[in-house]
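> Next up is a structure, given as structure tokens.
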Amino acid sequence: MFFHNSYFTTHFGNLFFCSKISIFSLFDHQKSPFRYTQISNYVNVYMKWKKDPFFDSILHIHKSAELKPIIQLKNFIVNYPNGCIPISAVSKRGLEFDISIRVARFLRQYPSVFEEFRGEHNLPWFRLTSEAAEIDREEKRVLEECKEDLKDRLRRFVLMSKDKVLPLKIIKGMAWYLGLPERFLDESKGDLLDESFRFVDMEDGLKGLTVESNGEKLLSTMQRNAMKNGVYFGGTLEGIEFPLFPSKGLRLRRKIESWLNEFQKLPYVSPYEDFWHLDPDSDFAEKRVVGMLHELLSLFVEHSAERKKLLCLKKYFGLPQKVHKAFERHPHMFYLSFKNKTCTAILKEAYCGNSSIEKHPMLVVRKKYIRLVKESDRILKNRRINNRFIKHEKLEKGSDIDADSDDRTDIQAEESSQEWLVLDLLPHSSIPFIVE
């Protein structure tokens, strides 16, 4: 097979420029990215998805979606007078709590969390079990202690947006992943009424939240870890390599592996820095997108999120239309789990080895809730076994009663036959006639 000379010129030219960027970035940190040729060397080769049982078995990740409506109902009950509710208070609010079945049936599925009792007019009422109430008190204590940490995570989330302002509806949609409690974003509550956060009016009548920077350079998780390891010195175009964690049995094609090696040498683009100078089709832009996804997942409670939720951020975070391809192109950094009929993006670094990703303070509390929710399965199983046992006993008693009635019938029939037998043996003269 013969190739045109321009093919070799372009190919080796791209490799030259790519190496040039990585070498110069080590010596000249202040040069503008405009000075460098932005190229795209990625080879679009199909990569087969490889199942990883380890990430598919992380309970608090895959139970997170189930736990969310439980926590919402728990908060509703706690804030209700006397800490208990009639079923009528929530029976028609299933959509509000993301519940697709009858709310009463949903509450009865978790007897370890919600205790049912008979209230006024003999109607079903619900309150928290003693175990759930104890975890709720611990949750309130943790939220109070880590309020500044939550504000810092929210601040970083807003500053990653392209205009440094986000609609409140977007933030509320991601509040579960950020670990923000209910009413944290209320203007009247006062949690965000300080010198940095400010509520603003956006276009289309939306209410937004912006953060005023104090002039201090904000470092990403990647930059802070690289600085601790002595491979980053605070420059603007320094090369930082992403930590890679290959799954067992996952092997990249040779072309992709070669591209990845060059990609790792490119200068790191912080998600908090301006990115308008980047060519959206270049490997520079690809590294910025991967860095932003890494930073986003680092801020979240489980260091994971449903992929469709992340795709909703494209407009406000300046992400490309096909940002989902970044997860597929970097399987050593992200794992896509298809458990529970949904696609969940997981940051591998947070669960592999001595992770340098800071754990979210709410993670411990959620794990306790999940263990408590799991206890409901045992309770319901015991109830089913007991119900079967009681039903079996009733059937046995019923069969005994039937057997007794059959015995009495047989005895009566036998006695009757014996009477007729005696009559047959008597002489006819001795048999009395009844004259009407």
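The values are calculated or read from the model by the stated rules, or taken from the named source; none is laboratory data. The model shown is predicted, which means the values in this text are computed figures rather than measured ones. Positions of Cβ are backbone-derived with ideal geometry, glycine not excepted, and every protein chain shown enters the neighbour counts. In case anyone asks, the SASA skips ligands and DNA or RNA and just uses the protein heavy atoms, side chains included. Shrake-Rupley method; radii C 1.70, N 1.55, O 1.52, S 1.80 Å.
> Taking residue 266, is it over 31 Å from the mean Cα position of the chain (by Cα) and within 30 Å of residue 284 (Cα to Cα)?
Numbers: over 31 Å from the mean Cα position of the chain (by Cα): yes; within 30 Å of residue 284 (Cα to Cα): yes.
The answer is yes for residue 266.
> Hey, another quick one. Looking for something over 19 Å from residue 163 (Cβ atoms), under 21 Å from the mean Cα position of the chain (by Cα) and open to solvent by less than 50 Å² (accessible area, probe 1.4 Å) - is there at least one such residue anywhere in region 272-283?
Looking only at region 272-283, we keep the residues that are over 19 Å from residue 163 (Cβ atoms), and these are 279, 281-283.
Filter again for under 21 Å from the mean Cα position of the chain (by Cα), leaving none.
No, region 272-283 contains no residue that is over 19 Å from residue 163 (Cβ atoms), under 21 Å from the mean Cα position of the chain (by Cα) and open to solvent by less than 50 Å² (accessible area, probe 1.4 Å).
> Turning to a different aspect of this structure: Can you tell me which residues in region 218-258 are without any contact (Cβ under 8 Å) to a residue 12 or more places away in the chain, basic (Lys, Arg) and closer than 22 Å to residue 296 by Cα?
The answer is 224, and nothing else.
> I would also like to ask the following. If you go through region 352-389 one residue at a time, how many are basic (Lys, Arg), surrounded by 15 or more Cβ atoms within 10 Å (Cβ to Cβ) and free of Cβ contacts under 8 Å to residues at least 60 places away in the same chain?
Residues flagged as basic (Lys, Arg), surrounded by 15 or more Cβ atoms within 10 Å (Cβ to Cβ) and free of Cβ contacts under 8 Å to residues at least 60 places away in the same chain within region 352-389 amount to 1.
> Residue by residue through region 174-204, note down the ones that are within 23 Å of residue 360 (Cα to Cα), open to solvent by 30 Å² or more (accessible area, probe 1.4 Å) and in a helix (DSSP H, G or I).
Hit for region 174-204 is 176, nothing else.
> A follow-up question, please. Restricting attention to helices (runs of 4 or more DSSP H) lying wholly within region 272-385, give those where 3 or more residues are at pLDDT 95 or above and among the hydrophobic types (A, V, I, L, M, F, W, C).
By residue number, 283-299.
> For residue 8, work out the one condition from (1) out of contact with any strand residue (DSSP E or B) (no Cβ under 9 Å at 6 or more places or on another chain); (2) modelled with pLDDT of 90 or more it doesn't fulfil.
(2)
> Right, here's the next one. Conditions first: (1) open to solvent by less than 20 Å² (accessible area, probe 1.4 Å); (2) touching a strand residue (DSSP E or B) at 6+ places or on another chain (Cβ under 9 Å); (3) within 29 Å of residue 166 (Cβ to Cβ). Residue 247 passes all but one, so which condition is the exception?
Residue 247 satisfies all of (1) open to solvent by less than 20 Å² (accessible area, probe 1.4 Å); (2) touching a strand residue (DSSP E or B) at 6+ places or on another chain (Cβ under 9 Å); (3) within 29 Å of residue 166 (Cβ to Cβ) except (3).
> Does any residue in region 335-349 that is closer than 18 Å to residue 48 by Cα come within less than 6 Å, Cβ to Cβ, of a residue that is open to solvent by 20 Å² or more (accessible area, probe 1.4 Å) and in a strand (DSSP E or B) six or more places away or on a different chain, and which pairs are these?
What qualifies is 344/306.
> I've got another one for you. Mind listing just one residue for me: the one in region 225-241 that is open to solvent by less than 10 Å² (accessible area, probe 1.4 Å) and within 30 Å of the chain's Cα centre (by Cα) and, of those, farthest from residue 287 (Cα to Cα)?
226
> Got a sec? Which of 178, 123, 150 is out of contact with any Gly (no Cβ under 8 Å at 6 or more places or on another chain), in contact (Cβ under 8 Å) with a residue 24 or more places away in the chain and under 22 Å from residue 305 (Cβ atoms)? Let's see the steps before the verdict.
Values: 123 fails: under 22 Å from residue 305 (Cβ atoms); 150 fails: out of contact with any Gly (no Cβ under 8 Å at 6 or more places or on another chain).
Being out of contact with any Gly (no Cβ under 8 Å at 6 or more places or on another chain), in contact (Cβ under 8 Å) with a residue 24 or more places away in the chain and under 22 Å from residue 305 (Cβ atoms) holds for just one of 178, 123, 150, which is 178.
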